[in-house]
Amino acid sequence: MLGNYYIPIYNFLNNIVDQEIVEVLMPNKMSNETIVEGSKFSPDFACIPFKYNMGNYLSELKKGANVLIQAGGGCRYGYYFEVQEQTLKDMGYDFTFISLLGENGLNIKELYHKFKLLNAKLSFSTFCYQGALAIAIIKIMDDFETYMRDKYNLQIDSKSFDTIHKKMLQDILQINTLAKLYQFKDEYIKKLKAVALRKITKDDIKIGIVGELFTSMEPFSSFYLEKELLNYNCIVKRYTTVTYLLLQKRFSRKKVMKKASEYIDYHFGADGAETIAHTLELIEEEYDGIIHIKPFGCSPEINAMPILQKISRQKNIPIMYLTFDEQTTATGVKTRIEAFYDMLKMKKEQEKESREEAYESY
Amino acid sequence: MKIGIPKAMITYEYPVLYHKFFELLGVQVVYSDETNSNILNDGIIYSIDETCLANKIYMGHVANLVKRSDKENIDYIFIPRVAFFDKKETVCVKFYALYDICKNIFDAHFITVNIDYSCHETEFKAFVNLGIKLGFSFSKTILAYKKAKKLQQEYDKANYEKQIKALSNKNILLVAHPYIEHDQYMGYPVVKFLKDNQFNVIYSDINNGMQTNNESYKELSKYLYWKYNKNLLNGIIEYSEKVDGIIFISTFPCGPDAMVNDLVIRKVKDKPILNLVVDEQDGSAGLYTRLESFIDILEQNKEEMGERI
């Protein structure tokens, strides 16, 4: 469960399993209980995504699930699977755990055999087709949401994006072929483009969000940081999406390292170097402030932080560092966002005044 | 030429290799001081709050060398950058960034070796590049590296044999990274306490898997991909039959150890286990109380076993 991504994954599973014997459960919405329950049974310094995952699994197991699926990736994420399986089995649950990554990384053939457990009649071609479809849906969702996020506070009627978005999330559940998807895409692009927008002015405050992927993408874990910023009428930009992680990241490594080469020579693992490169990019695009977010104990992002501090000093750009763990409270985050926003606003006004003064004296 | 090596973290994994490589090239090597309160304080100042203690101490050691470099004419400070040894064998991401962080924080000259399989940089290639960068000939560097590597292996082997010979009837297995076990601040108090109580301390990082590609860690964790943790698990598999109890020491908040130790403690069921986490808050009373009660348990177990026999 990660943002709205549960929809394409739910869709994908429904399309490949034998629906007579397997029922795909729609995950519960993230709640306070998820994290409280999850952190009870997690290692103390495991990062926060681990604890959310645990909470999700526990709530599904209580609903009667007996097959769980875990992805995997860089840094510690690839190791979640083994620890979670052992912990849940020690608690007495009986289930099959499917890891998308095998012992030697991602292998489509191996994965196909794992999913065959859920549907004996599943053919390899259907599996691949449905996989590609799911990724295509994710891509379109990401494009849609990125466009929406970038322009959210530029819309003239403040409700128009929200209505289209709500409708899209409902409609996307019906899609089961690529042809339908493209029709859907065209339709929604038209709808999006039809929304009336105003131009960006110099007075708009622009804030970029960089940092760890889970807290960037799962709004609950960052206490709806983006929504909060949008309420302040800021222009918000965020880089990390699933599309970026799945399709673009590995090809952009060279570009990222080149961008960050002013400060670092080597890659930091996970998204550390990306964070630095994106920060520099945001500065070039004249963003007013940057928010760096991460779960407690996230090593790649901690690696990036001393460099970000240096950039912040040298380029005179405010960066706020937010760390989330199971003890973070919504009020604390809200207060900090408010203070950060006020500070950016004051800075902007001061700069404007000094510009005007300089102009007058000239 | 004079090169300074911070005596923390990765240096403890290859104590001989680094030292001998430079020495054979005719470069003088100086180490930072043993961890003391000044180093610890400096480390805390130069690090992000959430960094693990081992990393903080590393920064303290670098600061120590930077301070000394003017007085002692240290030309370079050596900070290896280690990432991938193999497609699926990596280390904690902290090691990826040590060099870049130091470069950005301190005003001094740093040199590095970059060991990264994903960029086709093997250890051999990295050391050759380093030698050439320092101005030595190709052949001289290769010889130095080969010899140093061999000496490191001999050193490891001798250490292993020594440990096997020292096995007595009261053994405790210490599972911790070498940079924790041998550090004056982190591991030494524990080791000293155990030795004072007539226990023989077995280090799990010194085991027979160091030379060969031992894969016995798979018994405990099939998907493990951190190189140094693999080595520790190999040690647990090898020694767990021969010891009375196991002590885990990790630093706060160590990423890999948090996950791996949790898993291993769930899986090793037949031995008493003590899990210690060290942080920068001084205060040894809590530590000693826990160690004392752990030792009491071990002694009691032994007595019961004796009665049964």
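The values are calculated or read from the model by the stated rules, or taken from the named source; none is laboratory data. Source: prediction; values computed, not measured. Neighbour counts run over all protein chains shown; Cβ positions are idealised from the backbone, glycine included.
Some points to look at:
- Matching entry among A:LEU100, A:LEU106 (being of a type in the set (A, V, I, L, M), buried (at least 16 other Cβ atoms within 10 Å of the Cβ) and within 14 Å of another protein chain (Cβ to nearest Cβ)): A:LEU100
- Only a single criterion out of (1) touching a Ser or Thr at 6+ places or on another chain (Cβ under 9 Å); (2) surrounded by 14 or more Cβ atoms within 10 Å (Cβ to Cβ) is not satisfied by B:ARG290, namely (1).
- Residues satisfying the stated conditions in the stretch B:81-122, i.e. farther than 24 Å from B:LYS71 by Cα, part of a loop (DSSP other than H, G, I, E, B) and among the β-branched types (Val, Ile, Thr): B:VAL91, B:VAL113, B:THR122
- Note on the stretch B:215-247: residues that are hydroxyl-bearing (Ser, Thr, Tyr) and farther than 18 Å from B:VAL91 by Cα amount to 3.
- B:GLU23 vs. criteria surrounded by fewer than 23 Cβ atoms within 10 Å (Cβ to Cβ) and under 29 Å from B:GLY131 (Cα atoms): yes
- The condition (being farther than 30 Å from A:THR201 by Cβ and at pLDDT 90 or above) is satisfied by just one residue among A:ALA270, A:ALA339, A:ALA304: A:ALA304.
- Applying the set (1) surrounded by fewer than 19 Cβ atoms within 10 Å (Cβ to Cβ); (2) over 16 Å from the mean Cα position of the chain (by Cα) to B:PHE84 leaves exactly one unmet item: (1).
- Filtered residue count, the stretch A:54-77, keeping only those that are within 11 Å of chain B (Cβ to nearest Cβ) and crowded, with 20+ Cβ neighbours inside 10 Å: 2
- Any hit, the stretch A:28-47, residues being within 12 Å of another protein chain (Cβ to nearest Cβ) and of a type in the set (A, V, I, L, M): yes
- Only listed residue being assigned to a helix (DSSP H, G or I) and out of contact with any Gly (no Cβ under 8 Å at 6 or more places or on another chain), chosen from A:ASN53, A:ASN4, A:ASN28, A:ASN11: A:ASN11
- Among residues of the stretch B:186-226 being within 14 Å of another protein chain (Cβ to nearest Cβ) and in contact (Cβ under 8 Å) with a residue 12 or more places away in the chain, the one that is farthest from the chain's Cα centre (by Cα) is B:GLU219.
- Here the strands (runs of 3 or more DSSP E) wholly within the stretch A:230-332 that include at least 3 residues being within 27 Å of B:GLY255 (Cα to Cα) and touching a residue at least 24 places away in the same chain (Cβ under 8 Å) are A:289-295, A:319-324.
- The set of residues in the stretch B:200-218 that are at pLDDT 90 or above and aromatic (Phe, Trp, Tyr) contains only B:TYR203.
- Looking only at residues of the stretch B:271-284 that are away from every other protein chain (no Cβ under 14 Å) and in contact (Cβ under 8 Å) with a residue 24 or more places away in the chain, we find that the one that is surrounded by the fewest Cβ atoms within 10 Å (Cβ to Cβ) is B:SER284.
- Selected residue (criterion: farthest from the other protein chains (Cβ to nearest Cβ)) from residues of the stretch B:31-58 that are crowded, with 20+ Cβ neighbours inside 10 Å and in contact with a Lys or Arg (Cβ under 6 Å, 6 or more places away or on another chain): B:SER32
- Boolean, B:ASP42 is without any contact (Cβ under 8 Å) to a residue 60 or more places away in the chain and part of a helix (DSSP H, G or I): yes
- Qualifying residue in the stretch A:262-269 (condition: surrounded by 20 or more Cβ atoms within 10 Å (Cβ to Cβ), hydrophobic (A, V, I, L, M, F, W, C) and in contact with a helix residue (DSSP H, G or I) (Cβ under 8 Å, 6 or more places away or on another chain)): yes
- Any hit, the stretch A:177-199, residues being in the same structural domain as A:PRO295 (by TED's automatic domain parsing), polar (S, T, N, Q) and in a helix (DSSP H, G or I): no
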